[in-house]
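Enquirer: Structure incoming, see below.
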Amino acid sequence: LTRRHFGTAIASVAARSLWAKSRIPVAIQLFSLRRQCEQDLEGTLAYIREVGFEGVELAGFYGRTADQFKALLDENSLACCGSHTPLAELMSAKFDNTVEQNAM
């Protein structure tokens, strides 16, 4: 093993290590799959994870409570990376409830 080959091998390992640490997780906006979520939320979330997404942006809870939705995300190892929340939900007496539901 020459010094050049050794250096190349070390540089390759270092580059892979740095790339793995700086990789950005990819999420999908559930609004883009709203019809599928309305028909089969559990199956849609499982499929989202199966194809490689690591998170979702919420577009409502599709008839579930915040706790039920959080449990479904946990079951599928998905993170919530954001929430599509109408401005009216933040500018009214509903503000506290909206914050509580999104604190999951």
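No lab work stands behind these numbers, since they all come straight from the coordinates. Only a predicted model underlies this, so the values are computations on that prediction, with no experimental measurement involved. With ideal geometry, Cβ positions are generated from the backbone for all residues, glycine too; neighbour counts draw on all protein chains shown.
Enquirer: Taking amide H positions as placed 1.01 Å from N in the peptide plane, with prolines and chain starts having none, which residues 5 or more places from residue 81, or on another chain, fall under 5 Å of its amide H?
Expert: When sequence neighbours closer than 5 places are left aside, the close amide H contacts are 56, 57, 58.
Enquirer: What is the sum of charges around residue 56, taking Lys and Arg as +1, Asp and Glu as -1, for the other residues whose C-beta is under 14 Å from the C-beta of residue 56?
Expert: Net local charge, residue 56 excluded: -2.
Enquirer: Could you give each residue of the stretch 41-52 its phi-based ³J(HN,Hα) in whole Hz, using Karplus coefficients 6.51, -1.76, 1.60 with θ = phi - 60°, and x for Gly or Pro?
Expert: Computed from phi, the couplings for the stretch 41-52 are 4, 4, x, 5, 5, 4, 5, 4, 5, 4, 7, x Hz.
Enquirer: Which whole number in µm²/s is D for the stretch 34-100 by Stokes-Einstein, with the Kirkwood Rh taken over Cα pairs at 37 °C and 0.692 mPa s?
Expert: Result for D is 258 µm²/s.
Enquirer: I've got another one for you. Whole-Hz Karplus ³J(HN,Hα) for the stretch 90-102, in order, using 6.51 cos²θ - 1.76 cosθ + 1.60 and θ = phi - 60°, x for Gly and Pro?
Expert: Per-residue couplings from phi come out as 9, 10, 10, 5, 7, 3, 4, 5, 5, 4, 4, 5, 8 Hz.
Enquirer: Report the net charge of residues surrounding residue 76, where surrounding means a beta-carbon distance below 12 angstrom and charges are Lys +1, Arg +1, Asp -1, Glu -1.
Expert: With Lys, Arg at +1 and Asp, Glu at -1, the net is -3.
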